[in-house]
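Read the structure below first, then the notes.
Computed from the coordinates by the stated procedures, all read-outs in this text should not be read as laboratory data. Just so we're clear, the structure is a prediction, and the values are computed from it rather than from any experiment. Cβ coordinates were reconstructed from backbone atoms using ideal geometry, including for glycine residues, and neighbour counts include every protein chain displayed.
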C-alpha cells in the first residue's frame, strides 16, 4: 500500500438547482462527478463516462448537457439543474406523466430520460414521433421502457399544451 | 412442511438492528429454500407491552399508527417486485394499500431464499407470501376476539380493520397492536378465494414511482458514508493474469489520490472472488479513475491469452458437427434421417454478451468492530454476499451485514458477490470505508459474460411434410467453469434451458452436447441458455416449415403435436424444470399451442402486408412460463432491418400485476432486439475487445418498435416466471420475419454482422 500526499484543487462557485455551492475540485473534473461525489446530489447517474448513454444529463442554462464529459469549470457561473431541481415538488409535467404511465423499471436511467424529455418539450412543445426519437436517442434504457417513454412524452406535451 | 423458529424481539433487534415490537417468527423453507412446496408459518408470537408495532412474521410489521410495513426480501432490479410482493401480502392480510409501506430487507437466512434470479420471486414464494399475509390477518382477528371476548369465527378482517358484525364493533389494525400480545400464530390459515382478491391481479402503480422520478432513489453507486474512499480497480485484462510489476508513482501524484492497493491474486476457479489487479483509492470517483489510468502495470497474462473468439468459433462449430454426448434420445434419428424425403441441416451461432446494466456493479464496505463488515450493494443475492465476504475476511457470515440498495438493472450480473468482496477487501486493507465503482469498460470487459454457443441441427422431413427426425447438438463453455476447474462443457441444468425440454412431437429425436473450454468468466444473463437454444430451435422450426412448404404458424402447431404433458426424463434427460415440480408446472403442449394461436391472431397472421414486410413467429417455454412472439419487419432502401411491431402472448399462470407483466414483455422485446441486432463481444489475445456503448451497442429508442403488444393468457395455474421468459422468442421471431420478408435465412447473431444494422 502506498499513500499519496499531493493534491491540487481550486474553489469553484457553482449554482446547482438555484443554490450556491463552492466546491474544491480539480477544474477538469467532469461535472457529473462534481455533482455526485462533491456536491452530494446522486440523482444524476453515471452510465458510460463517454457521453454515449445519457444517464448523466443535466440542464445548463436550460440546455441538456451530458455531464460526464463536461468539465466542471465550464459550468461555473451558469445555472445547473439536476433531476432534484427540475421541479420544486417533483411534479413537473414530465415527472407526472412518467408516473401516470408507470414508465420506470429499474429507474436508473430515468433521471437522464426525464431531463432530456423536459428539455425537448421546452424547445418543442409539440414534438412529432420522429422528434421524440431523435431527441431521446442519446438516452439508453437497458430495461427497455422506450415505448412508454414515447407515450409519456406525448402525454406531458398534451398537458403542457 | 415448515420448521418454525421462534426469535425473541431482542434477538430480532440484535440480528437486524431494526425497531419492531413483539416476538417474530422466522420461516425456514425446506430443501434449502428451493422447495417446490410453500411453507406456512405456525407457532407463537407475542408483543411486548408498550410496543409501537407487532411483527406477526418476518415480512410484516403492523404499527400502531396503522401503517403496515412489508419487508421485501427480494432485490428490485426493474421487475417491480417491491410493488408485487406487498400486493400479495396486503391482499391476503386485508391491508389497505394506501397504508402499506415497503421496506427492503437485509441479507438474512430468516427470509428464506433471497437469490433474485431465475424469475423466481413470485413463482417460488407466492404461497409463502400469501401465508404470511393470511396468518397476520388471522392473528389480528384473534387479538380482537380476545380483547372483545367473542369467538374469532364471529369476526371478519376487511379493509385494514377487524369487524364484529353482530355488534357493529370494529378496530383498525393499528389499534390491535397491543392486543396482539401473546397471540399464537395459527397452525393453518385459509387463503382468500381468487374471486375475493383485492390487489392480486390488479395493475397497481409502482410504489417506487416517486423516488424513481425525482432522483431520490438510492442505488448501489449512490451510497456515501463518512470518511469513505472511492476505489477504481485495474483488473487483469486476461482472466487469470497476474501482476509482474506495478509503478504507481504517477498515480499517487494525481490530485485526490490517497492510496494504491494490490488486490489479492485470483486462484482458479473464479467463483465470486475478486479478479485481482491494482486498486487506486481517492477522495472521489474521478480522481480514482484518473489515478488508475496513470498506473504502469506489467502483466503475466497466463494461459487464457491464447483466446481468440474468431478461432474459437471454428472450434466450437467443428465440435457441434461431431457426435456429442447424449442428453436425450428417442426413436432412431439416424435411420429416420436416412429414410427422410428431405434433410435440412443448419449451424447456428451466438456470441458472448455482457449484461450491461445501466448501473455498473458498485458496492460500499465498512469494517465493524468485531472483524466483520457492513456492506451496501446493488446485489441480486445478499446471502451470497454474506458468505463470500465472510470467507474473504475469515469471519462467520453472521458478522457480515448486507444492505440491499435498489439495482440499476441486474440481468444476472449482480447475482455475483465479487464487487462486494472487492470493497470488503479494500475496507480492511485501508481501514477506511470504501466504495468500489466499476466503469462501463470494467463491466463489459471483466464481467461474468453470457457464453458463446454453436449449435448444429439436422431435420428429416417425410413424404407428408412431417418432421420425422430431429438432431440438435449444443456446444458452449459452461457457467460451471466459474465454479469448478473440472467443468468441461454444458451442464444438465443449462441443457434443460431450451434443449432437453424440447416440446416437439417428433418420433425420432436426439439431443446432444459437446465440450468447450471457457477462457472468460462465464455467468448468467437474462434467460441464460434459453437465449441461444430458442434462437436455434425456433429458427430451425421455421426452416423446416418452409422446406415442407407449410405456413410457419401452422407448422409450429404441427410440430407441437397432440395435447400432452412431457417429461424429458422419459427419454433419458436429466431435467430440473427450474426447481419446481412437473405436476404443478408441466411442460404442456396445449399451452404452447394456445399462445401460438393467440399471438398469431393478435398480429393478424395471414393478413395482407405492405410490400417488403414479413411476419415471423416463435414460441418458447422458460422459467415455467410460455411465450409466443410475432415480429413484423421490413428492410429499408439501404438494407437496414426495421422491426415495426412486436406481439407477445404470455402464459404465466396466475399473474399478480398485469401491468408489470406487460412491462417485462416490453422490456424483453427491447432486450431481445439488443442481442439480436447488436450484441457481440469478441476476444483477441484473451482480452474482450469491446468496451463501451460505442463498440457494444444496445438498442436505442429510435430503433425500438412503434408498438409492443402484450396479451396475458387467462390460465388457471400457479404462477410462472416473468422477468426472463419474454426474451428467448424475440430473436428467432425477428430472423423468421426477415426470412419471410426477404427469403434470406440468418443463423447467427448479431444481425449487424449480416449488414442489417
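Using a ≥ b ≥ c from the Cα gyration tensor of region A:114-161 (square roots of the eigenvalues), is it rounded, prolate or oblate, where a/c under 1.5 gives rounded and otherwise the larger of a/b and b/c decides, a/b for prolate? Mind showing how you got there, number by number?
Values: a/c = 1.86, a/b = 1.54, b/c = 1.21.
Prolate shape, in that a/c is at least 1.5 and a/b is the bigger ratio.
Quick check on chain B: helices-only [θ] at 222 nm, where DSSP H runs of length 4 and up contribute -39,500 (n - 2.57) each and the sum goes over total residues. Nearest 500, please. Walk me through the intermediate numbers first.
Numbers: 17 runs with 188 residues, N = 757.
Calculated at 222 nm, the ellipticity per residue is -7500 deg cm²/dmol.
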Q. Between residue B:488 and residue B:685, what FRET efficiency follows from the Cβ-Cβ distance if R0 is 22 Å, with the result rounded to 0.05?
A. 0.40
**Q.** Reduced Cα scattering model of chain B, Debye log10 I(q)/I(0), q = 0.11 Å⁻¹
**A.** -1.21
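May I ask you to compute the full-extension gain from residue A:8 to residue A:123, defined as 0.36 nm times their residue separation minus their alpha-carbon distance, rounded to one decimal in nm? Write out the running numbers ahead of the final one.
Working: separation 115, 0.36 × 115 = 41.40 nm, distance 3.97 nm.
Value of the extension gain: 37.4 nm.
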Q.
Just want to confirm a number: the relative contact order over chain B, from Cα pairs under 8 angstrom separated by 6+ residues, in percent.
A. 13 percent
Q: Once you have the Cα-Cα distance between residue B:315 and residue B:195, take 0.36 nm times their residue separation minus that, and quote the gain in nm to one decimal.
A: 37.5 nm
Q) Going by alpha carbons, how many degrees (0 to 90, nearest 10) lie between the helix axis of A:110-123 and the longest principal axis of chain A? A) 70 degrees
Q) So for the protein assembly as shown, Kirkwood radius off the Cα pairs, Stokes-Einstein at 37 °C and 0.692 mPa s: how many µm² s⁻¹? A) 114 µm²/s
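Sort B:512, B:574 so the one with the fewest other Cβ atoms within 10 Å of its own Cβ comes first.
Ascending Cβ contact count within 10 Å gives the list B:574, B:512.
Please give the per residue volume of the convex hull enclosing the alpha carbon atoms of region B:486-544, rounded to a whole number of Å³.
Working: hull volume 6.3 nm³, N = 59.
So the per-residue Cα hull volume is 107 Å³.
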Q) What's the exposure ranking of A:155, B:323, going from fewest to most Cβ atoms within 10 Å? A) B:323, A:155
Q. How far apart, in nm, are the 7 Å Cα→Cβ label points at residue A:159 and residue B:753?
A. 4.5 nm
(Q) Under a crude label model (7 Å from the Cα following the beta-carbon direction), how far is residue B:339 from residue B:462 in nanometres? (A) 0.8 nm
Q. What list do you get for B:198, B:386, B:687 if you sort them by fewest beta carbons within 10 Å?
A. B:198, B:687, B:386
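Could you work out the relative contact order of region B:482-559? I mean the mean sequence separation of Cα pairs under 8 Å and 6+ apart, divided by the number of residues, in percent. Walk me through the intermediate numbers first.
Working: 46 pairs, mean separation 26.4, N = 78.
This gives 34 percent for region B:482-559.
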Q) Between residue B:148 and residue B:184, how many nm apart are label points set 7 Å from Cα along the C-beta direction? A) 2.2 nm
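Using a Förster distance of 41 angstrom, determine the FRET efficiency expected from the C-beta separation of residue B:203 and residue B:227, and round it to 0.05. It would help to have the intermediate numbers written out before the result.
Numbers: r = 45 Å, r/R0 = 1.09.
Calculated transfer efficiency: 0.35.
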